[in-house]
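Contents: one structure, followed by commentary.
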Amino acid sequence: MRPSRTLLALPLILVVAAPAFAQSEDLPTQLWLSFQHQRKVGEKTSVFGSLGYEELMSRESFWGEWNKLYLTGGGSYDLGKRFRVAAGVGLYYTYQPEIADLFEFRLWQEGTAFWPDSPGAVRRLVFVHRLRVEERVTESEEWGFAMRLRYRLDTKIPLNKYTLEPGAFYLPLAIEFFSDLADEVPEFFAKRNRASIGLGYVMNKNWTLDLRFHRQRSRSTIEEDFTRSGNVIDFTVKSSFRIRDLVKGR
C-alpha cells in the first residue's frame, strides 16, 4: 500500500465528521460510562465483555431523563493479520419515566478489516472497518424483534509516541452508520449516524483510558424523522488484566 493512499484516508474521516461538530443550541446530551475487558485465550482467539451505563442528562434530575444499564460479552477469531470475525450477546435495560421501560436481548455478528495497515512511516495510521449485524429482541408494552446493520470506520493516531504503547496519548476518530433491516426498536434516540473525536491514554499494557465526544443524528420516537442531532460524552476504561491476578493481589 502506498503511503499517499493511506494519508488520504485521514482527511476523508475529518471531512465527513466535521459537520457533526458544528455548534448549535439546546441539543440533547447523553453521558456514557463503560468498562471494557478483553483477553486473549489463544493465538488467534480472544474473549471480551463490557459493563456500561448511559443516560440522557437533565438539569432537573440528577439521574437523567432516562437511564440504561447493559452487560455484553462475546468472542473473536483472527482469520489473519488484517481480518477478524466476532460474535456476542448483550442484555440492556432502559428506565424511561415517560413511557414503559424497555428490556432488550441482543445478538450480533461482525467482520473487521484492518486496512490500510502498512509498515514504515505510516504504520501509526491503521484504519479499522467494522460491519456488524444485530438481532434485537425487545420487551416493553409488548414483545418485538428488529434487525440492524452497522458500519464503522475508525482510527487512533498516536500523538507523543510512534505506536499505541504505554505512555502514549492518542486521537481517536470515527464515523458510523446505522440501517434498519427488519422493523425498528421503539427506543429513545434511535441512531442513524454518528461522528466521534476524542483523546485517549495508554496507561500501561493492561489499562487504557478513552474519552470521546460523539455527535449523532437520531430521533426520539419511531414516528419522527431522523432530523434531531445530539451530543454524547463517552468515557471508557479498557483493560486486559487476568481476573485471577486481580484476585491474588487482594
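The values are calculated or read from the model by the stated rules, or taken from the named source; none is laboratory data. Treat the numbers as computed from the prediction; the structure is a model and nothing was measured. Note that we place each Cβ from the backbone using ideal geometry, even for glycine, and neighbour counts take in every protein chain shown.
A compact table of results
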| item | result |
| --- | --- |
| The stretch 99-116 - residue that is over 24 Å from Leu181 (Cα atoms) and over 18 Å from the mean Cα position of the chain (by Cα) and, of those, modelled with the highest pLDDT | Trp115 |
| Number of positions in the stretch 63-91 that are among the aromatic types (Phe, Trp, Tyr), touching a residue at least 24 places away in the same chain (Cβ under 8 Å) and surrounded by fewer than 18 Cβ atoms within 10 Å (Cβ to Cβ) | 2 |
| Strands (runs of 3 or more DSSP E) completely within the stretch 60-178 that count 2 or more residues being among the aromatic types (Phe, Trp, Tyr) | 67-78, 83-95, 102-114, 143-158 |
| Ile157 vs. criteria modelled with pLDDT under 95, more than 23 Å from Arg106 (Cα to Cα) and hydrophobic (A, V, I, L, M, F, W, C) | yes |
| Residue match in the stretch 207-216 (condition: within 22 Å of Asn67 (Cα to Cα) and at pLDDT below 85) | yes |
| Boolean, Trp32 is of a type in the set (A, V, I, L, M, F, W, C) and outside any strand (DSSP E or B) | no |
| Among the candidates Gly111, Gly144, residue that is touching a residue at least 40 places away in the same chain (Cβ under 8 Å), surrounded by fewer than 17 Cβ atoms within 10 Å (Cβ to Cβ) and either touching a strand residue (DSSP E or B) at 6+ places or on another chain (Cβ under 8 Å) or hydroxyl-bearing (Ser, Thr, Tyr) (or both) | Gly144 |
| The stretch 177-203, subset in contact with a helix residue (DSSP H, G or I) (Cβ under 9 Å, 6 or more places away or on another chain) and within 28 Å of Trp143 (Cα to Cα), residue modelled with the lowest pLDDT | Asn193 |
| Test: residue in the stretch 229-239 that is modelled with pLDDT under 70, part of a loop (DSSP other than H, G, I, E, B) and within 26 Å of Glu55 (Cα to Cα) | no |
